[in-house]
Amino acid sequence: MFGKRFERELQMIEDALEDEQSKDDFKEYTRPLVEAVADKYATHEHAKKIPRKKLVEAGWTHFDFALKKYKENADLMLERKKELFFFSTYFTWFIRQGIVEYIKTFNE
């Protein structure tokens, strides 16, 4: 009804909210996204002196919050009260936010 990807990711998110192993599995699933966003920021003038590893770590800052908020939004999507969007689209903003916050504190 909503597509296999949406349903699979939603199940993974629900599982991740229930136990740590599932959360770790979902982190592994989203790792390429976090690394890709961190790599884009690594070339930014204010981030050139920051190790890539630190940018990737900063990208995870809001992961738990994003999981909870996406689940709330997914419930509304299932009720057709909100337009369908994938977790990757939603989480990208949180990744960027974590990295930008880290860059700001690094450069202060």
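Values quoted throughout were computed directly from the atomic coordinates according to the rules given, and no laboratory measurement underlies them. Fair warning: this is a prediction, and the values are worked out from it, not measured in the lab. All Cβ positions, glycine included, derive from the backbone under ideal geometry; neighbour counts span all protein chains shown.
Can we say LYS49 is surrounded by fewer than 18 Cβ atoms within 10 Å (Cβ to Cβ), out of contact with any Phe, Trp or Tyr (no Cβ under 7 Å at 6 or more places or on another chain) and in a helix (DSSP H, G or I)? Spelling it out, it is not the case that LYS49 is surrounded by fewer than 18 Cβ atoms within 10 Å (Cβ to Cβ), out of contact with any Phe, Trp or Tyr (no Cβ under 7 Å at 6 or more places or on another chain) and in a helix (DSSP H, G or I). Determine whether PHE106 is loosely packed, with under 15 Cβ neighbours inside 10 Å and either in contact (Cβ under 8 Å) with a residue 12 or more places away in the chain or in contact with an Asp or Glu (Cβ under 9 Å, 6 or more places away or on another chain) (or both). It is true that PHE106 is loosely packed, with under 15 Cβ neighbours inside 10 Å and either in contact (Cβ under 8 Å) with a residue 12 or more places away in the chain or in contact with an Asp or Glu (Cβ under 9 Å, 6 or more places away or on another chain) (or both). Among the residues of region 17-40 satisfying the criterion of being over 13 Å from the mean Cα position of the chain (by Cα) and touching a residue at least 12 places away in the same chain (Cβ under 8 Å), which is surrounded by the most Cβ atoms within 10 Å (Cβ to Cβ)? Checked region 17-40; the qualifying residue surrounded by the most Cβ atoms within 10 Å (Cβ to Cβ) is LEU17. Scanning region 74-90 for residues that are touching a Phe, Trp or Tyr at 6+ places or on another chain (Cβ under 8 Å), over 13 Å from ARG8 (Cα atoms) and either in contact (Cβ under 8 Å) with a residue 40 or more places away in the chain or part of a loop (DSSP other than H, G, I, E, B) (or both) yields MET77, LEU78, LEU84.
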